Amino acid sequence: MTLAGELPAKGHRFPEFEWITSSGRPLRLSDYRGRFNLVLVFADDQKATVELLGELGGLYGKFKSQEAEIIAVVQSSRQECAGIEQRLKLPYAVLPDEDGRIHRAVGASGQSQHAAAAVYVTDRYGEVFAAYRTRDGQTLPPAAEILSWLAFINIQCPECEPPEWPA
């Protein structure tokens, strides 16, 4: 489990967060637990991040075939998030982090507390398999790399495949 005050890391469970969607309904990460692998994108306003959001949207069908859901979190209002969803024609949720609290909690903020980008890939139980944080000098992964992580996660999932050892 990721403890309070620690950043999410490989091998730890991603912390629970709740948002209000652009349609006004609450959404929690636990709503996906046990059902979907997650790609969590904590966005900043850099061109590379916007391009990644679009690339993920264009390949959404491939992500769904890997039993994954994509969630983007933007440090802005619900109305601005709805506008981003519409402008980029994204088939996945874009959620607000109006006060930047969640960005800070997951390491997606820079020295001056401005949004920085971060991408986390978790299995369907919330365990972090991949973490990328631009504030730590990492670059954002291309969609193909994220898809590779999801394929790896699905191979590792003992509940998804027959056991290796006969009973």
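Every listed requirement among (1) modelled with pLDDT of 95 or more; (2) farther than 13 Å from VAL41 by Cα is met by ALA131 save one, (2). When segment 89-106 is filtered for residues that are part of a loop (DSSP other than H, G, I, E, B) and surrounded by fewer than 21 Cβ atoms within 10 Å (Cβ to Cβ), the ones remaining, listed by number, are LYS89, LEU90, PRO91, TYR92, GLU98, ASP99, GLY100. The number of residues in segment 57-81 that are crowded, with 16+ Cβ neighbours inside 10 Å, of a type outside the set (Ser, Thr, Tyr) and in contact with a Pro (Cβ under 9 Å, 6 or more places away or on another chain) comes to 7. Taking the criterion of being more than 23 Å from GLU127 (Cα to Cα) and touching a residue at least 40 places away in the same chain (Cβ under 8 Å), the residues of segment 25-57 that qualify are ASP44, ASP45, GLN46, ALA48, THR49, GLU55. Of the residues making up segment 1-56, those that are out of contact with any Lys or Arg (no Cβ under 6 Å at 6 or more places or on another chain), among the aliphatic types (A, V, I, L, M) and farther than 23 Å from PRO141 by Cα are LEU3, ALA4, ILE20, LEU27. Taking the numbered list (1) part of a loop (DSSP other than H, G, I, E, B); (2) more than 14 Å from the chain's Cα centre (by Cα); (3) surrounded by 15 or more Cβ atoms within 10 Å (Cβ to Cβ) in turn, LEU140 passes all entries but (2). Residue pairs whose Cβ atoms lie under 7 Å apart, separated by 6 or more positions or on different chains, with the first residue in segment 122-145 and in contact (Cβ under 8 Å) with a residue 24 or more places away in the chain and the second surrounded by fewer than 13 Cβ atoms within 10 Å (Cβ to Cβ) and in a helix (DSSP H, G or I), are LEU140/ALA48.
Of all residues being assigned to a helix (DSSP H, G or I) and among the polar types (S, T, N, Q) in segment 31-84, which is nearest to ASP97 (Cα to Cα)? Just the residue, please. Don't jump to the end; show me each part of the working.
Taking segment 31-84 first, the residues assigned to a helix (DSSP H, G or I) are 31, 47-58, 60-65, 78-84.
Going one step further and asking which of them are among the polar types (S, T, N, Q), we end up with 49, 65, 79.
Values: THR49: 16, SER65: 28, GLN79: 12 Å.
My answer is GLN79.
I'd like to check something: does segment 117-130 contain any residue that is over 10 Å from GLN75 (Cα atoms) and acidic (Asp, Glu)? Scanning segment 117-130, I find at least one residue that is over 10 Å from GLN75 (Cα atoms) and acidic (Asp, Glu), so the answer is yes.
If the condition is being touching a helix residue (DSSP H, G or I) at 6+ places or on another chain (Cβ under 8 Å) and either surrounded by fewer than 20 Cβ atoms within 10 Å (Cβ to Cβ) or assigned to a helix (DSSP H, G or I) (or both), then segment 112-133 contributes GLN113, PHE129, ALA130.
The values are calculated or read from the model by the stated rules, or taken from the named source; none is laboratory data. Being a predicted model, the structure only gives us computed values, none of them experimental. Neighbour counts run over all protein chains shown; Cβ positions are idealised from the backbone, glycine included.
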